[in-house]
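Heads up, the thing below is written out as structure tokens.
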Amino acid sequence: DQQVKQNSPSLSVQEGRISILNCDYTNSMFDYFLWYKKYPAEGPTFLISISSIKDKNEDGRFTVFLNKSAKHLSLHIVPSQPGDSAVYFCAATAPGNQFYFGTGTSLTVIP
Amino acid sequence: ETGVTQTPRHLVMGMTNKKSLKCEQHLGHNAMYWYKQSAKKPLELMFVYSLEERVENNSVPSRFSPECPNSSHLFLHLHTLQPEDSALYLCASSQDTGGLTEAFFGQGTRLTVV
């Protein structure tokens with residue numbers, strides 16, 4: 001049973017516009033959520049995170065929103081740039097637990 | 001450079017071979033992980049080590065054998081693999097298991113079993 005789900009396998013966005021990547025989770029014990037970015041043939045790199053006591057965390061062009069009641073989080077990238085084209089993984093964790101990852105969303109930013 | 005180094009980057013092995021993947025971290029982290037990434041599947045956790053003790057084994061076949069000799073090194077010993085074991089194998093480390101901490105990944109080893 002997959003505890004973290006990314007239902008959109010791919011997303012295409014025009015350069016300069018907003019990219020919104022979505023993630024849903026099922027385990028109410030999760031208290032820390034992360035987004036990773038992955039280029040082909042490389043390992044995932046940490047992008048941004050949010051703890052369950054917050055509903056928003058911003059870092060430059062990247063903002064993560066957390067809706068605990070809906071068990072949903074999203075990553076907003078604005079403005080989107082061609083270099084943002086990659087696969088984005090959502091992950092969640094709880095104290096003493098492993099990291100649970102979604103299947104990823106492949107983002108293509110069109111110049 | 002994430003501080004987690006994996007070698008080799010690419011490996012081709014026959015089904016009767018024995019090989020080992022190596023992972024090294026100098027971040028002072030207490031937890032290390034092996035993940036498998038196959039096409040169109042989520043990252044699959046294979047093993048978790050915390051303070052050099054194995055704390056999780058996610059029903060991984062015995063043809064995969066992990067070893068954690070110290071907190072900075074993690075190995076994955078491979079023997080009699082199958083073609084379906086071909087995948088990207090990722091090592092990661094984190095300060096502790098779970099909680100308010102990020103996992104840092106290595107570049108991965110692209111394994112092809114022929």
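Points worth noting:
This table checks each residue for (1) open to solvent by 50 Å² or more (accessible area, probe 1.4 Å); (2) assigned to a loop (DSSP other than H, G, I, E, B); (3) within 12 Å of chain A (Cβ to nearest Cβ); (4) touching a Cys at 6+ places or on another chain (Cβ under 7 Å).
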{"site": "B:68", "(1), (2), (3), (4)": "no, no, no, no"}
{"site": "B:76", "(1), (2), (3), (4)": "no, no, no, no"}
{"site": "B:93", "(1), (2), (3), (4)": "no, no, yes, no"}
{"site": "B:112", "(1), (2), (3), (4)": "yes, no, no, no"}
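- Total residues in the range B:1-21 satisfying the condition of being open to solvent by 50 Å² or more (accessible area, probe 1.4 Å), within 12 Å of another protein chain (Cβ to nearest Cβ) and outside any loop (DSSP other than H, G, I, E, B): the figure is 2.
- Every residue from the range A:75-111 that is in contact with a strand residue (DSSP E or B) (Cβ under 6 Å, 6 or more places away or on another chain), more than 14 Å from every other protein chain (Cβ to nearest Cβ) and of a type outside the set (S, T, N, Q): A:75, A:76, A:77, A:82, A:84, A:107, A:109, A:110
- Restricting attention to the range B:22-55 and to residues that are more than 23 Å from residue A:106 (Cβ to Cβ) and assigned to a loop (DSSP other than H, G, I, E, B), the residue that is least open to solvent (accessible area, probe 1.4 Å) turns out to be B:29.
- Positions within the range B:56-66 being away from every other protein chain (no Cβ under 11 Å) and open to solvent by 30 Å² or more (accessible area, probe 1.4 Å), in sequence order: B:57, B:59, B:61, B:62, B:63, B:65
- Residue in the range A:52-61 that is within 30 Å of residue B:30 (Cβ to Cβ), of a type in the set (A, V, I, L, M, F, W, C) and open to solvent by 30 Å² or more (accessible area, probe 1.4 Å) present: yes
The values are calculated or read from the model by the stated rules, or taken from the named source; none is laboratory data. Quick caveat: nothing in here was measured; it's all calculated off a predicted structure. FYI the Cβ positions are ideal-geometry reconstructions off the backbone, even for glycines, and counts take in every protein chain you see. Protein only, heavy atoms only, side chains kept; ligands, DNA and RNA dropped before computing areas. Shrake-Rupley method; radii C 1.70, N 1.55, O 1.52, S 1.80 Å.
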